[in-house]
Every structure is written in structure tokens, then in C-alpha cells.
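Data first, discussion second: the structure below is written as C-alpha cells.
The values are calculated or read from the model by the stated rules, or taken from the named source; none is laboratory data. Bear in mind the structure is a predicted one, so any value in this text is a computation, not a measurement. Because the Cβ atoms are built from the backbone with ideal geometry, glycine has one as well, and the counts that use them run over all protein chains shown. In case anyone asks, the SASA skips ligands and DNA or RNA and just uses the protein heavy atoms, side chains included. Shrake-Rupley method; radii C 1.70, N 1.55, O 1.52, S 1.80 Å.
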Amino acid sequence: MLRFNLAGVPVTIHGSFLLVAALFGLGRMEQPTLMLSWMLVVVGSILFHELGHALAFRAYGQQPTIELHGLGGTTTGSQRGPMTPMRALVVALAGPAAGFALGALAYRSEEHV
């Protein structure tokens with residue numbers, strides 16, 4: 001289990017998450033560099049997605065935490081402020097929005113290579 005803070009948000013990565021990510025990358029095992037790249041992309045992309053949720057929680061006065069586990073990731077917020085249905089929708093959409101933003105950055109950087 002790994003624990004650290006990212007942008008002030010406590011993050012826990014369980015061994016089950018790394019195991020499942022490695023299992024999905026089994027076809028890359030014969031090339032250690034490719035397998036390492038695969039693991040970095042999986043961890044980075046899911047962590048970025050969850051960070052989108054966490055930053056939206058924080059914008060509404062919540063104290064977010066992120067956990068990456070065998071089924072993916074979960075971001076939760078403390079119940080310090082009211083979470084109206086609209087705020088909950090914004091938090092829910094913030095993860096995919098972060099992913100689209102990361103994809104757009106990757107696409108733009110690919111154009112300049």
C-alpha cells in the first residue's frame with residue numbers, strides 16, 4: 001500500500017490496484033520498459049481522473065481523499081458543506097472532464113512531435 005499527498009489530497013494506492021493493472025498489461029511482460037510504461041499510464045490516468053473529482057469536492061468546501069483499489073478508484077469528500085444535487089453532478093462530471101483535458105493535452109503534444 002502506498003500513501004502520499006497529491007495537491008494536498010491524501011492518496012492511497014492499494015496493492016490490488018497495481019495487481020489488476022499488471023494483469024491487464026500481461027501482454028507487455030516480455031518487454032520490461034513497455035510494462036513499466038503501461039503501469040505509469042494506468043496509474044497516472046486514473047489518478048488524474050480521481051484528482052478531477054477531488055478538486056471539485058474541494059471547491060465545495062469538502063476535504064477529499066483518493067483511493068485506488070482493485071476495482072479502479074474512489075474519491076470521497078467529508079460532509080463539511082452542503083452537497084446539493086447540482087454540486088454532486090459537478091463533482092461526478094469533474095473526473096471525466098479531467099480525463100478529456102488530459103487527452104486533449106496528449107493529442108496536442110502528439111501534433112508537435
Notebook entry, point to check: Between (i) 1.18; (ii) 1.31; (iii) 1.12, which matches Cα Rg over 2.2 N^0.38 Å calculated for the structure shown?
Noted result: (i)
Notebook entry, point to check: Looking only at T76, T33, T65, which one moves most when the chain is put into a Gaussian network model with springs between Cα atoms under 10 Å?
Noted result: T33
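Put F100, F4 in order of accessible area, largest first, 1.4 Å probe: what do you get?
F100, F4
Ignoring everything except DSSP H segments at least 4 long, calculate the 222 nm mean residue ellipticity for the chain; use -39,500 (n - 2.57) per segment, divide by total residues, nearest 500. Don't jump to the answer; show the numbers that get you there.
Values: 3 runs with 65 residues, N = 113.
When only DSSP H runs of four or more count, the value is -20000 deg cm²/dmol.
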Check: Per residue, what accessible area does the range 1-82 have, given a 1.4 Å probe and all protein chains present, in Å²?
Finding: 58
Margin query: Give me the extension gain from T84 to A106: residue separation times 0.36 nm, minus the current Cα-Cα distance, reported in nm with one decimal.
Written below: 4.6 nm
Notebook entry, point to check: Once you put a point 7 Å from the Cα of L93 and another 7 Å from the Cα of L2, both along the Cβ direction, what distance in nm separates them?
Noted result: 3.2
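Shape verdict for the range 41-81, please, from the Cα gyration tensor: rounded (a/c under 1.5), prolate (a/b greater than b/c) or oblate.
Details: a/c = 4.28, a/b = 1.95, b/c = 2.19.
Cα axes put the range 41-81 in the oblate bin.
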Note to self: Quick check: at a probe of 1.4 Å, how many percent of the accessible area of the chain sits on carbon and sulfur atoms?
What the structure shows: 70
Checklist line | Pairwise FRET efficiency - L34 versus L71, Cβ, R0 = 25 Å, nearest 0.05 | finding: 0.50
Next item on the list: For the chain, give the magnitude of the charge dipole about the Cα centre (Cβ charges: +1 Lys/Arg, -1 Asp/Glu; no others), in debye to the nearest 20.
Entry: 360
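Quick check: with the 1.4 Å probe, what order do R28, R108, R58, R3 take by accessible area, largest first? It would help to have the intermediate numbers written out before the result.
Working: R28 75, R108 140, R58 95, R3 175 Å².
These residues rank, largest area first, as R3, R108, R58, R28.
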Next item on the list: Calculate how steeply helix 32-59 sits against the longest principal axis of the alpha-carbon atoms of the chain, using the helix alpha-carbon long axis, and give the answer as 0 to 90 degrees to the nearest 10.
Entry: 10
